[in-house]
Every structure is written in structure tokens, then in C-alpha cells.
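Asks: Below is the structure I would like to discuss, written out as C-alpha cells.
The values are calculated or read from the model by the stated rules, or taken from the named source; none is laboratory data. It should be emphasised that the depicted structure is a prediction, and the values quoted were computed from it without experimental measurement. A quick note on method: Cβ atoms are made from the backbone with ideal geometry, for glycine too, and the neighbour counts reach across all protein chains shown. We work out accessible area using only protein heavy atoms, side chains counted, and drop any ligands, DNA or RNA first. Shrake-Rupley method; radii C 1.70, N 1.55, O 1.52, S 1.80 Å.
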Amino acid sequence: MPFPLKTCVICSEEFELKPDKPGFANRCPSCSEPESVDPVTKRPLDPEERKIDSEANEARRRAMRDLLYRKDS
């Protein structure tokens, strides 16, 4: 039984959808290849940046908690 023919949503090329094809089912193998991304060196955060991030995350958690668990009056 032949593999089903699909049409790529990016380049409109027809391809066979094989069981172990990496990537998306609606993209051809050449369009499914991951783009080569330059690795960005991640520098460590200094204490002030860490504190700012921590405060922002706490505010986000508080806002989500208030939205999820508020009592409707």
C-alpha cells in the first residue's frame, strides 16, 4: 500500500507522508527541517536582574491566582 500523497502548505510541493517523517504532517521534508539557529550565549543574571525577574514572576502568579480563584459577588 503506497503512502498517502500530501501537499506542503508552505511550498505547495507534493510529498509522500511516511510514518517516521520528522516535522509536521502538512509540510514536506525540506520545509520541516529545523532552521539553523545561532546559539545565543546565555549570560548569568546579576542579583539585581534576578530580583526584578523574581518580582515580575510573583506579580504574574498573584494576578493569575486572583483571576482563577476570585469569588464572584
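Asks: Take region 54-73 and flag every residue that is at pLDDT 85 or above, of a type outside the set (A, V, I, L, M) and either open to solvent by less than 100 Å² (accessible area, probe 1.4 Å) or part of a loop (DSSP other than H, G, I, E, B) (or both). Even if it seems obvious, please write down each step before you answer.
Replies: So the first thing to find is which residues in region 54-73 are at pLDDT 85 or above, and the list is 54-69.
Narrowing further to those that are of a type outside the set (A, V, I, L, M): 54-55, 57-58, 60-62, 65-66, 69.
Selection gives Ser54, Asn57, Glu58, Asp66.
Asks: Still on this structure, I have one more. If you check every pair at least six apart or on different chains, which have Cβ atoms under 8 Å apart with a residue in region 17-34 that is on the phi > 0 side of the Ramachandran plot first and a residue that is open to solvent by 60 Å² or more (accessible area, probe 1.4 Å) and not in a loop (DSSP other than H, G, I, E, B) second?
Replies: Qualifying pairs under 8 Å: Gly23/Pro29.
Asks: Within region 37-53, identify whether any single residue is aliphatic (A, V, I, L, M) and at pLDDT 90 or above, and answer yes or no.
Replies: Restricting attention to region 37-53, the residues satisfying the condition of being aliphatic (A, V, I, L, M) are 37, 40, 45, 52.
Checking the rest, the ones that are also at pLDDT 90 or above come to 52.
Yes, some residue in region 37-53 is aliphatic (A, V, I, L, M) and at pLDDT 90 or above.
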